[in-house]
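So the structure is just underneath, and the comments pick up after that.
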Amino acid sequence: MIDALVLAGSPNNGALSSCSKAAYEAMITIGDKLMVQYVIEAIKECKRINRIAIVGPRNELAKYITEDDHILLIDHGSELTENVLLGLKKLPGSKKVLLFTSDIPLITHTAIEDFIKQCEKVKADLYYPIVPREVIEKRYAFCNRTYVSLKEGSFTGGNMFMFNPGIVEECLPRGQKLVEARKSPIKLCRIVGIMFLIKFLMKNITLQEAQRKVSRLLGVHGQVVISMYPEVGVDVDKPSDLELVNAQLGLA
């Protein structure tokens, strides 16, 4: 069996603060449910998933989500790395963990199960889904996402990961450095190398080259998984995303 970890501790201090008075993104109400509840319900429908650890504002979440042997609520810390480790402490013995953000209310159990099946085809420490641009735009024509252009096409990143818990303490700090450097060309060059960055900017990098580079930087065996389910790549981080979700759920 696979365990799931849902990160629900992100503060609602960005563009979405104008749409909701909720202190946390996970607590934004969509219809008659919290945004995170849509994610949890999709996970619960997956027969392969056992325990679900939810890291966020525990007391607030407990008003809407009932704990039991399979649903665990954990108070969040101050940063991503800490929250992942807090969640994993409540999932002892896990061999594989699926990590989800709480801002993907359109996610379905079918999309999750497809990702799991694809991950099982290749042995790796970390699996990361990407979705082709044409798949997103065919389903959500007016969805404004950020895309990365590779030789094989344009892709957006997914909002769930599968990983071996044993790699986390070593891998997360390295990943954090990549995230922090993403907006600084000088810092990024120091990490990825000037030639790789030039090839990337010229859209001359293949998917396999990018996968190998990230694996080396993180010190793990990483595997990219191409998902044909657009909801994997659609999160809610601005008012137009919330409008899209409401329309898709028939709440507009």
Long-range amide H partners of K96 with built H, under 5 Å: D3
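Could you tell me what fraction of 2.2 N^0.38 Å the Cα radius of gyration of region 1-76 comes to, as a two-decimal ratio? Intermediate values should be presented prior to the final figure.
Numbers: Rg = 12.5 Å, N = 76, 2.2 N^0.38 = 11.4 Å.
In units of the globular-protein estimate, region 1-76 measures up at 1.10.
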Within the P(r) computed for region 1-133, what percentage of the Cα pairs occupies the region above 22 Å? 36 percent
For P(r) over Cα pairs in 10 Å bins from 0, in percent, one of [x] 6, 21, 22, 19, 17, 11, 4, 0; [y] 8, 34, 40, 17, 1; [z] 7, 29, 38, 22, 4, 0 was computed from the structure I shared and the rest are decoys. Which label? [z]
Report the antiparallel proportion of the DSSP beta bridges in the chain as a percent, rounded to a multiple of 5. 45 percent
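The numbers here are math on the coordinates, done by the rules we state, and not lab data. Since the structure is predicted, the reported quantities are computational estimates derived from the model, not experimental observations.
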